Amino acid sequence: MLLAIDTSAGTSVAVVDLERGIIAELGTDDTMRHAEVVGRLIADCLAAAGVTVGHLSAVAGGMGPGPFTGLRVGIAAARVFALGAGKPFVPIVSHDAIAFGRYRAGHAGGLVVVTDARRREVNWSAYSGADAVGLPIRIDPPGVAKPAVLQEPDWAHAGLPRFDAATVSAGELGLVAELSWAHQRAFAADEALYLRSPDVTMSTGPKRVS
């Protein structure tokens, strides 16, 4: 049984189990108050599921892609909760949870998942389908681009069906973690997928003085 947390798009918290599925899930699509709501959602979700920390085997965290501030809140919350509870932290790509939900709902074949990256950009991930246990097969690492790029006929994944997601389900994120664990699939790298270049860069030359 896992506690799953994602703040890459809104804030979502869930308790999931491989056999029982999503036991409880709470969230908000507010993209500005992650730090204010995540603690309450964790407590309320555990209460709604009727489980204690001792029932959990691990904590899954959505690693994005997503905007910097919101994404970091969820990852920090998941890591700190896992540390305090003495449970493993399991990193999962947030877009994989979205794709998993689409395939679980009956979609077949290729898929491009798109989420808002802010500043007139989008994050995207491309998939070729789902494997034998239902886990999505990502073609490339997640990317970030201007929306118009994804409309260009020569874009690498042009022609694949597109799904624009406003939120990420922590329940589906947790199920990806449970299935990956059960079938010995690799988890994501333990680092945030913040794909945009930094706003501030180091100067490469001497500072000009006038």
I need a count of the residues in the range 59-84 that are farther than 14 Å from Ala35 by Cα and of a type in the set (Gly, Ala, Ser). 7
Among (1) assigned to a helix (DSSP H, G or I); (2) at pLDDT below 95; (3) surrounded by fewer than 17 Cβ atoms within 10 Å (Cβ to Cβ), Ala47 falls short only on (2)
Among the residues of the range 78-96 satisfying the criterion of being in contact with a Gly (Cβ under 7 Å, 6 or more places away or on another chain) and closer than 30 Å to Arg120 by Cβ, which is surrounded by the fewest Cβ atoms within 10 Å (Cβ to Cβ)? Pro91
Can you pull out the residues in the range 116-159 that are within 16 Å of Gly106 (Cα to Cα) and surrounded by fewer than 18 Cβ atoms within 10 Å (Cβ to Cβ)? Ser128, Gly129, Asp131, Ala132, Val133, Gly134, Ile137
Within the range 2-24, considering residues that are outside any loop (DSSP other than H, G, I, E, B) and free of Cβ contacts under 8 Å to residues at least 40 places away in the same chain, the one nearest to Gly70 (Cα to Cα): Ala24
Is it the case that the range 45-66 has a residue that's over 22 Å from Ser180 (Cβ atoms), in contact (Cβ under 8 Å) with a residue 24 or more places away in the chain and within 12 Å of the chain's Cα centre (by Cα)? no
Would you point out which residue out of Gly27, Gly66, Gly70 is crowded, with 19+ Cβ neighbours inside 10 Å, assigned to a loop (DSSP other than H, G, I, E, B) and of a type outside the set (Ser, Thr, Tyr)? Gly66
Among all residue pairs at least 6 apart or on different chains, which show Cβ distances below 6 Å where the first residue, located in the range 106-127, is closer than 10 Å to Asp164 by Cβ and in contact (Cβ under 8 Å) with a residue 24 or more places away in the chain and the second is of a type in the set (Ser, Thr, Tyr) and assigned to a strand (DSSP E or B)? Val113/Ser125
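The values are calculated or read from the model by the stated rules, or taken from the named source; none is laboratory data. Quantities reported herein were computed from a predicted structural model and do not represent experimental measurements. Cβ atoms come from the backbone with ideal geometry, glycine included; neighbour counts cover every protein chain shown.
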